[in-house]
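**Q** Quick one: the structure is below, and I'll ask about it shortly.
The values are calculated or read from the model by the stated rules, or taken from the named source; none is laboratory data. Computed from a predicted structure; not experimentally measured. Note: ideal-geometry Cβ built from the backbone for every residue, glycine included; neighbour counts use all protein chains shown.
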Amino acid sequence: MVKDTSRNLVRRTCLDDKLCEISKMEGRSVEVSDRFIVDRFFSHFIEVLSGTAQAATTWREMPESNEVTAIVTLKAGDAVLFLPGEPRLVRPAEGAELSEFTLE
């Protein structure tokens, strides 16, 4: 999990070369879950448009684990990037607006 401002993360194409194409992609609302979600094939870029959210990850080696190993608080203008295989859990605050991009 990499957290920074949206603008700075998009510039870090060394993390995922698809970040340079994000302006051409259409975001979708974030899937809210009580369990960690793992996508073994694609990175996921989640941007906070308004409000706040919390993003968490767990053991990459044990994706079935529900133990939080890292958590960050995001505010408007922040983003988080989950790389392929990295468990993710995102909880928006009430009224927050988030957008998720799958970097295929």
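**Q** With (1) without any contact (Cβ under 8 Å) to a residue 40 or more places away in the chain; (2) assigned to a strand (DSSP E or B) as the list, and Thr13 as the residue in question, which single condition is left unmet?
**A** Every listed condition holds for Thr13 apart from (2).
**Q** Out of (1) more than 19 Å from Leu15 (Cβ to Cβ); (2) modelled with pLDDT of 95 or more; (3) surrounded by fewer than 15 Cβ atoms within 10 Å (Cβ to Cβ), the odd one out for Ala96 is which?
**A** (3) is the only condition that Ala96 fails.
**Q** Filter the strands (runs of 3 or more DSSP E) completely within the stretch 46-104 down to those with at least 2 residues that are more than 10 Å from the chain's Cα centre (by Cα).
**A** Values: elements: 52-57, 70-75, 78-82, 89-92, 97-103.
Fully inside the stretch 46-104 and qualifying: 52-57, 70-75, 89-92, 97-103.
**Q** State the number of residues belonging to the stretch 20-47 that are closer than 12 Å to Thr102 by Cβ and either modelled with pLDDT under 90 or among the hydrophobic types (A, V, I, L, M, F, W, C) (or both).
**A** 9
**Q** Which numbered condition trips up Pro84, out of (1) free of Cβ contacts under 8 Å to residues at least 40 places away in the same chain; (2) out of contact with any helix residue (DSSP H, G or I) (no Cβ under 7 Å at 6 or more places or on another chain)?
**A** Here Pro84 meets the rest and fails (1).
**Q** Which one of these is more than 23 Å from Gly95 (Cα to Cα) and touching a Gly at 6+ places or on another chain (Cβ under 8 Å): Val48, Val38?
**A** Numbers: Val48 fails: more than 23 Å from Gly95 (Cα to Cα).
That would be Val38, the only listed residue that is more than 23 Å from Gly95 (Cα to Cα) and touching a Gly at 6+ places or on another chain (Cβ under 8 Å).
**Q** So Lys18 clears everything in (1) closer than 14 Å to Met1 by Cβ; (2) assigned to a helix (DSSP H, G or I) except one condition, right? Which one?
**A** All conditions pass for Lys18, except number (1).
**Q** Of the residues in the stretch 48-87, how many are among the basic types (Lys, Arg) and either within 17 Å of Ile22 (Cβ to Cβ) or at pLDDT 95 or above (or both)?
**A** Qualifying residue count for the region: 1.
A quick yes/no check of all residues on (1) of a type in the set (Asp, Glu); (2) touching a residue at least 60 places away in the same chain (Cβ under 8 Å):
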| position | (1), (2) |
| --- | --- |
| Arg60 | no, no |
| Glu67 | yes, no |
| Val72 | no, yes |
| Ala76 | no, no |
| Val80 | no, yes |
| Val90 | no, yes |
| Glu94 | yes, no |
| Glu100 | yes, yes |
| Glu104 | yes, yes |
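**Q** What single numbered condition from (1) assigned to a strand (DSSP E or B); (2) among the hydrophobic types (A, V, I, L, M, F, W, C); (3) surrounded by 14 or more Cβ atoms within 10 Å (Cβ to Cβ) fails to hold for Val30?
**A** Checking Val30 against (1) assigned to a strand (DSSP E or B); (2) among the hydrophobic types (A, V, I, L, M, F, W, C); (3) surrounded by 14 or more Cβ atoms within 10 Å (Cβ to Cβ), the one that fails is (1).
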